[in-house]
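Read the figures in this text as sums done on the coordinates, not as results from a lab. Bear in mind the structure is a predicted one, so any value in this text is a computation, not a measurement. Note that each Cβ is placed from the backbone with ideal geometry, even for glycine, and that neighbours are counted across all protein chains shown.
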Amino acid sequence: MKIGDKVRFLSDIGGGIIAGFQGKNIVLVEDEDGFQIPTAINDVVVVTTDDYNIAKVHTEGTTRRPVAPGTKTDPEPEPADKPVTFRKMAYERRGGDVLSLYLAFVPIDIKAMTTTRFEAYLVNDSNYYLQYALLKAENNTWNLWCNGDAEPNTSVFVDEFGHEDLNDMERVAIQAFAYKRDKSFQLKPVVNVQLRIDAKKFYKLHAFMENDFFETPSLLHNIVVRDEMAKPLVVDANQLKREMYANPETAIHQTEKPQNGYVRRYDDAQSKGKAPQRTTHDDVVVIDLHAGELLETTAGMSAADILNYQLEVFRKTLAQYAKKKGQKVVFIHGKGEGVLRQAIIHELNYKYKQYPHQDASFREYGYGATQVTIK
């Protein structure tokens with residue numbers, strides 16, 4: 001601070017130019033009228049403007065430091081369009097701390113099942129948040145269908161599709177993990193489930209049932225039910241080979257001479273069995289060998305158990321029609337990994353050589369069906 005500097009008063013309105021000093025602590029401030037005002041040196045601040053009409057600042061008991069020109073000393077008001085960062089706590093229901101997760105298909109026009117389009121939803125029936133990825137199989141690889149976050153006790157729209165898209169949805173998988181925000185929670189296993197989507201059900205009105213999640217009857221596939229992951233109906237070819245060849249006694253024909261404890265497991269499968277889905281069309285018998293059609297549940301069954309049960313139904317069907325020469329039987333086994341189809345072709349090539357066989361009509365049965373002619 002020196003003679004000639006422009007200053008303003010900190011404890012009053014106004015200011016001027018420094019004209020001189022009186023001792024070490026007093027400065028003479030000359031105002032615009034030429035009067036020199038003795039002022040404590042701590043009560044003035046150097047400025048670069050001639051506008052001294054600044055509101056009085058209360059500095060009693062404090063020392064005010066000079067503020068650099070252009071510095072903002074007061075906070076700016078928040079803009080009206082600033083996004084709201086408050087997050088409402090998630091709704092939690094009683095009993096929702098067990099994880100339940102479903103893949104749901106809802107017809108847009110349930111009165112026109114052969115032409116309607118469908119909506120797919122992921123239903124999170126729990127008090128947990130989910131980060132998920134839905135996948136579609138393409139031969140031996142997978143493609144991402146969709147991914148995202150699912151809030152507690154909500155359904156998330158996945159996709160809209162038509163009958164023409166069903167062949168691309170024969171196998172789907174979901175991978176997900178569950179968590180809670182802003183509170184502690186019980187750790188849940190990571191979800192990794194594969195599902196088989198039966199295209200024929202999308203033409204059947206009775207396959208769509210009333211449920212607690214949608215006003216329209218829907219087709220629900222279990223992914224996790226009360227912390228229990230669904231037993232996949234898709235056979236893992238590598239796992240099946242390991243299970244079947246770990247012991248030579250567990251070959252495909254094991255059902256004909258059960259031993260080493262296999263009898264109990266096979267009897268369990270028989271107790272869970274349903275009558276095969278048997279339909280006729282133009283004198284053709286159609287048998288659906290999908291596990292979901294043959295068994296009420298696959299709980300407790302290994303991949304080998306399921307395959308052996310499917311093959312037993314195949315053999316019994318051929319035995320039933322053995323005396324009906326010329327009868328055509330179509331076995332629907334699905335595309336999948338091809339394990340069931342390979343086992344059926346193996347049976348036809350070695351045990352039923354007298355029966356001609358071929359791929360069934362794609363137009364009528366889609367992928368994954370074999371037609372056998374009784375001779």
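The table for this structure:
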| quantity | calculated |
| --- | --- |
| Extension gain (nm, one decimal) between residue 142 and residue 320, 0.36 nm per residue minus Cα-Cα | 60.1 nm |
| Separation of the residue 229 and residue 205 label points, Cα + 7 Å toward Cβ, nm | 3.9 |
| Long-range HN-HN contacts of residue 37 with modeled amide H, under 5 Å | 29, 30, 31 |
| In order through region 156-161: 3J(HN,Hα) via Karplus (6.51 cos²θ - 1.76 cosθ + 1.60), integer Hz, x for Gly, Pro | 10, 5, 9, 6, 10, 8 |
| By average C-beta atoms within 10 angstrom, highest first, the peptides 318-325, 182-189, 105-112 | 105-112, 318-325, 182-189 |
| Relative packing of 301-312, 154-165, which averages over residues the other C-beta atoms within 10 Å, highest first | 301-312, 154-165 |
| Derived scalar couplings ³J(HN,Hα) [region 343-355; Karplus, 6.51 cos²θ - 1.76 cosθ + 1.60; whole Hz; x for Gly, Pro] | 5, 5, 4, 4, 4, 5, 6, 10, 9, 10, 4, 6, 9 |
| For region 165-231, convex hull volume per residue from C-alpha positions, Å³ | 137 |
| Whole-Hz ³J(HN,Hα) from phi, Karplus 6.51 cos²θ - 1.76 cosθ + 1.60, for region 166-183, glycine and proline x | 5, 4, 7, 10, 5, 10, 10, 9, 10, 10, 7, 9, 10, 7, 10, 9, 6, 6 |
| Segment residue 179-residue 46, extension gain: residue separation times 0.36 nm, minus the distance between their alpha carbons | 42.0 nm |
| Calculated FRET efficiency for the pair residue 186/residue 353, C-beta based, R₀ 45 Å, to 0.05 | 0.20 |
| Alpha-carbon radius of gyration plus Dmax, which is the widest Cα pair, for region 143-195 in Å | 14.4, 45 |
| Other-chain or far-sequence residues with amide H under 5 Å of residue 288's (modelled H) | 277, 332 |
| Full-stretch length increase - residue 13, residue 215 - with 0.36 nm per residue and alpha-carbon distance subtracted | 65.4 nm |
| Entries of 111/201; 204/325; 204/323 with Cα pairs more than 21 Å apart | 204/325; 204/323 |
